[in-house]
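Could you have a look at this structure, given as structure tokens, before my questions?
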Amino acid sequence: MLRGIDRSDMNPSMMNGGAMYESFFSLSVDMLCVAGFDGFFKQLNPAWAQTLGFTDAELMARPFLDFVHPDDRLATIAVVENLAKGTNTVNFRNRYECRDGTYRWLAWTAIPAGSAGLIYAVGRDVTQEVRAEAVLKEANDSAATRLALLTALIDAIGVGVVLVDREQVVAHWNQEASRLTGIPIEQALGQPTGLLGELFAPRVEDNPSLQSHFERVSRLPAESFRFAMTVLEPRREVEVTVSPAALTSGGGQVGFVMVLHDITAAKELDRAKDDLIATVSHELRTPLASLVGFTELLLTREFSDAQRKQYLETMLHEGRRLTELINDFLDLQRMEGGYKRLDLGPADLRTLIARAVTTAGDDPRTPIEVDLPKDLPLVIADTNAILQVLISLLSNARKYSPGGGAIRVNAQVTGEAVEVSIQDHGIGIPPEALTKLFTKFYRVANGDRRLVSGTGVGLAISRRIIDAHGGRIGVESGGLGQGSRFYFTLRTASHGARSGDVLIVEDDAGFARLLEAELAIKGLSSVWAPDAETADQLIGQMAARAVILDLLLPGASGEDFLARLRASVGGELPVAVVTIKELDATETLALRRTAGVVAVLKKHSGAAKEAVAFIAEALTPREAHQ
Amino acid sequence: MRNNSTASARTRRTVVIADDEPSLRILVHATIGTDDYNVVEACDGDEAWSLIREHRPSLVILDVQMPGRTGLDILRAIKSDPNLTATRVILLTASAQEADIRAGLVAGANSYLTKPFSPRDLLSRLDEALEL
């Protein structure tokens, strides 16, 4: 069955084995061929037609390279060249085209018959193998990728992870597991689970059930369970969740995972919450007891007018206390995440103290005496928050001075801070209570102090506020009957905090921030003064080039500030007035005629932009207009 | 039941009220009245204990949470003092925690009331405690 080849081309030995050769050639399921270095097939066995679907004639009509996949042609040419040089080829793979347009992978073993210019080649269809290999490789790659991803996940996740393999040996112990337990990774890896209990024992608080948990762990647990332990150094609560690991294909258990979770903070939070709820309910029950009790008594029994009056007054007092408690409790809740939205800026303490004293009111039995140094620097403060602290401290000083006595307010500069102190001559504080005083709901355990109404929340709020300012708050007392001195510190305003192009005099922090932002867009820096007194000090220090002024201010008015400004700098400094104050035509005109005033605007949403436009215009050098 | 006709200055029993809240002392005092009892008030635990030892009262109405000695401290002290075997104790607590109540009863309190309480309830507990 030799086809398409001239017998004269055959060498003698081949010719000799003629019939046998022919039989083998046509019987082979492998693809056998003889090809010439000229690039054409010379002879093909039937396996070719069966594999590729082309007839022998079709295959031999074109150079065999035509049937090779374009991507494999270069490699095929190289192999043919090597064969021409006399080198055998073993297991070379390329793709051949089939009649249906698909390609099949063939693996070749070929030898050259140099003198005849022929190649004898045996090819085998390995398409299935190649596909299987590709699938396997992909699976391996994706397994490696998944493993790498999982390892990264295990190490990056914020919980301790311990993997125990089928051999009951620790196969993975992540960084967090080390941090939580104090057991180094090197020491843990490779440990048999039977020894895990011993590994933990010196590092955790002894606990009778712990041993049984670790025994369970050592027997390759088949069900998940959870236990908690206390790690000693540093002390923390760790929750351990043990979960068996099984193959999804139902191939049985391959190990287990221990997840270690730091629950210290959660436990503390729980405890703090329980304490708070217990305290609040306790605090609420006491005034309620008076209200309920006296109401029942008054409804069911006869009392003298004097008694009835006393009971009703007590009820009123306790009812107010209940209201105060609820308000303070809500205040404290608002403050829990730190004093929110602190609007910090330079502030004049003198005016803040004066405002707090005014709010506290007159009481001839406990007069408030303010004595401040002349050159008190500006501090960085949220004026409303600091005012709250001052009022709370003054009201405490009064409350705890039932026998009267002057209350002194002082301030002194210490380094980069100003310390404000409020000294009373009241009932004082026992030494053991000094440190607990700023804790919420703490009230000094003393009959006298208990006579004073209060909820024990004011000082806790004050501490939050001063902490948020980066200051310190504290108390000193010689003991019971010795009076108390409360103090807090605030940072002084640095030079940087006191310099800028434009001075904003505005008590509404939100609007001041808006003005700051609009000025920044125009490339102008600014300093914010929450009141006229702060502005008076700043104007002397900061070399401002312009002023944006509100008229309604907590202390001295904007008009007063403007008058002083005119007296000191005349009309040099452009001023934009932005106010919510209702001005009649005469007032507006008078303001407009004030030297330096470039605009008088009503405060509304677009007013900040408008005012800044006027200021920017006024500050543009004259030359630019020409 | 209480009977005003049998009460006289000579036979009046002494009751110590110990509570750090002045309004509560006024309330308890008003509830039990001064016709039948000689009422002594204490505004903290330490004062309460010295008054109890001084007066050897028939009954003590004790707030549990007080500065100084707590109500429970005083209750235990009463129970271990041979001079005070006749003294009855009613606890007043602002805590509704069962554990606190149990601790009080275990320590030998005759009765307890949780704030807020009804004055009528206080009177009936008082009558029970004094076996009137």
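Taking residue A:520 as meeting all but one of (1) within 19 Å of residue A:346 (Cβ to Cβ); (2) out of contact with any strand residue (DSSP E or B) (no Cβ under 9 Å at 6 or more places or on another chain); (3) open to solvent by 50 Å² or more (accessible area, probe 1.4 Å), write down the number of the exception.
Going through (1) within 19 Å of residue A:346 (Cβ to Cβ); (2) out of contact with any strand residue (DSSP E or B) (no Cβ under 9 Å at 6 or more places or on another chain); (3) open to solvent by 50 Å² or more (accessible area, probe 1.4 Å) one by one, residue A:520 breaks only (2).
Would you confirm whether or not segment A:371-388 contains a residue that is among the acidic types (Asp, Glu), open to solvent by 70 Å² or more (accessible area, probe 1.4 Å) and over 26 Å from residue A:479 (Cβ atoms)?
yes
Can you name the residue in segment B:81-100 that is more than 14 Å from chain A (Cβ to nearest Cβ) and free of Cβ contacts under 8 Å to residues at least 12 places away in the same chain and, of all such residues, is nearest to residue B:29 (Cα to Cα)?
So the residue we want is B:85.
Within segment A:293-300, identify whether any single residue is touching a residue at least 60 places away in the same chain (Cβ under 8 Å), among the hydroxyl-bearing types (Ser, Thr, Tyr) and surrounded by 14 or more Cβ atoms within 10 Å (Cβ to Cβ), and answer yes or no.
Within segment A:293-300, not a single residue is touching a residue at least 60 places away in the same chain (Cβ under 8 Å), among the hydroxyl-bearing types (Ser, Thr, Tyr) and surrounded by 14 or more Cβ atoms within 10 Å (Cβ to Cβ).
Determine which single condition residue B:43 fails, assuming it passes every other condition in (1) out of contact with any Lys or Arg (no Cβ under 9 Å at 6 or more places or on another chain); (2) within 14 Å of chain A (Cβ to nearest Cβ); (3) closer than 19 Å to residue B:20 by Cα.
It fails just one condition, (1).
Moving on to the next point. Take segment A:177-206 and flag every residue that is open to solvent by less than 30 Å² (accessible area, probe 1.4 Å) and over 14 Å from residue A:219 (Cα atoms).
A:177, A:178, A:180, A:181, A:183, A:188, A:199, A:200, A:204
A further question follows. Is it true that some residue in segment A:261-270 is more than 9 Å from chain B (Cβ to nearest Cβ), among the β-branched types (Val, Ile, Thr), touching a residue at least 40 places away in the same chain (Cβ under 8 Å) and open to solvent by less than 60 Å² (accessible area, probe 1.4 Å)?
The answer is no, given that none of the residues of segment A:261-270 is more than 9 Å from chain B (Cβ to nearest Cβ), among the β-branched types (Val, Ile, Thr), touching a residue at least 40 places away in the same chain (Cβ under 8 Å) and open to solvent by less than 60 Å² (accessible area, probe 1.4 Å).
Also: Quick one: is residue A:160 closer than 30 Å to residue A:245 by Cβ and in contact with a Lys or Arg (Cβ under 8 Å, 6 or more places away or on another chain)?
Yes: the conditions hold for residue A:160.
Checking residue A:320 against (1) open to solvent by 60 Å² or more (accessible area, probe 1.4 Å); (2) more than 30 Å from residue A:222 (Cα to Cα); (3) under 26 Å from the mean Cα position of the chain (by Cα), which single condition isn't satisfied?
Every listed condition holds for residue A:320 apart from (3).
Looking only at segment B:68-80, filter to residues that are without any contact (Cβ under 8 Å) to a residue 40 or more places away in the chain and away from chain A (no Cβ under 14 Å); which one of those is surrounded by the fewest Cβ atoms within 10 Å (Cβ to Cβ)?
That would be B:80.
Restricting to segment A:526-544, and then to whatever is in a loop (DSSP other than H, G, I, E, B) and at pLDDT 90 or above, can you tell me which residue is surrounded by the most Cβ atoms within 10 Å (Cβ to Cβ)?
A:530
Assuming residue A:424 fulfils every condition listed in (1) in contact with a strand residue (DSSP E or B) (Cβ under 7 Å, 6 or more places away or on another chain); (2) open to solvent by less than 20 Å² (accessible area, probe 1.4 Å); (3) under 18 Å from residue A:347 (Cβ atoms) apart from one, which condition is it?
It is condition (3) that residue A:424 fails.
Let me ask something additional. Identify the residue in segment A:58-108 that is under 60 Å from the mean Cα position of the chain (by Cα) and of a type in the set (Lys, Arg) and, among all such residues, is surrounded by the fewest Cβ atoms within 10 Å (Cβ to Cβ).
Ranking the qualifying residues of segment A:58-108, first place goes to A:73.
Here's another thing I want to ask about it. I need every pair where a residue in segment A:575-601 that is open to solvent by 60 Å² or more (accessible area, probe 1.4 Å) has its Cβ under 7 Å from the Cβ of a residue that is of a type in the set (Lys, Arg), sequence separation at least 6 or different chains.
Here the result reads A:580/A:603, each pair linking segment A:575-601 to a residue that is of a type in the set (Lys, Arg).
Could you check segment B:81-92 and list, in sequence order, the residues that are open to solvent by 50 Å² or more (accessible area, probe 1.4 Å) and under 15 Å from residue B:105 (Cα atoms)?
Once the filter is applied, which keeps residues that are open to solvent by 50 Å² or more (accessible area, probe 1.4 Å) and under 15 Å from residue B:105 (Cα atoms), segment B:81-92 yields only B:88.
Go through segment A:473-489 and give me each residue that's modelled with pLDDT of 90 or more and in contact with a helix residue (DSSP H, G or I) (Cβ under 7 Å, 6 or more places away or on another chain).
A:473, A:486, A:488 - these are the residues of segment A:473-489 that are modelled with pLDDT of 90 or more and in contact with a helix residue (DSSP H, G or I) (Cβ under 7 Å, 6 or more places away or on another chain).
Looking at (1) more than 12 Å from the chain's Cα centre (by Cα); (2) at the interface with another protein chain (Cβ under 9 Å from one of its Cβ atoms); (3) open to solvent by less than 10 Å² (accessible area, probe 1.4 Å), find the lone condition where residue B:28 falls short.
Just one mismatch for residue B:28, condition (1).
The values are calculated or read from the model by the stated rules, or taken from the named source; none is laboratory data. As the structure is a prediction and not an experimental result, all values here were calculated from the model. A quick note on method: Cβ atoms are made from the backbone with ideal geometry, for glycine too, and the neighbour counts reach across all protein chains shown. Just so you know, the surface numbers come from the protein's heavy atoms only, side chains and all, with ligands and any DNA or RNA stripped out. Shrake-Rupley method; radii C 1.70, N 1.55, O 1.52, S 1.80 Å.
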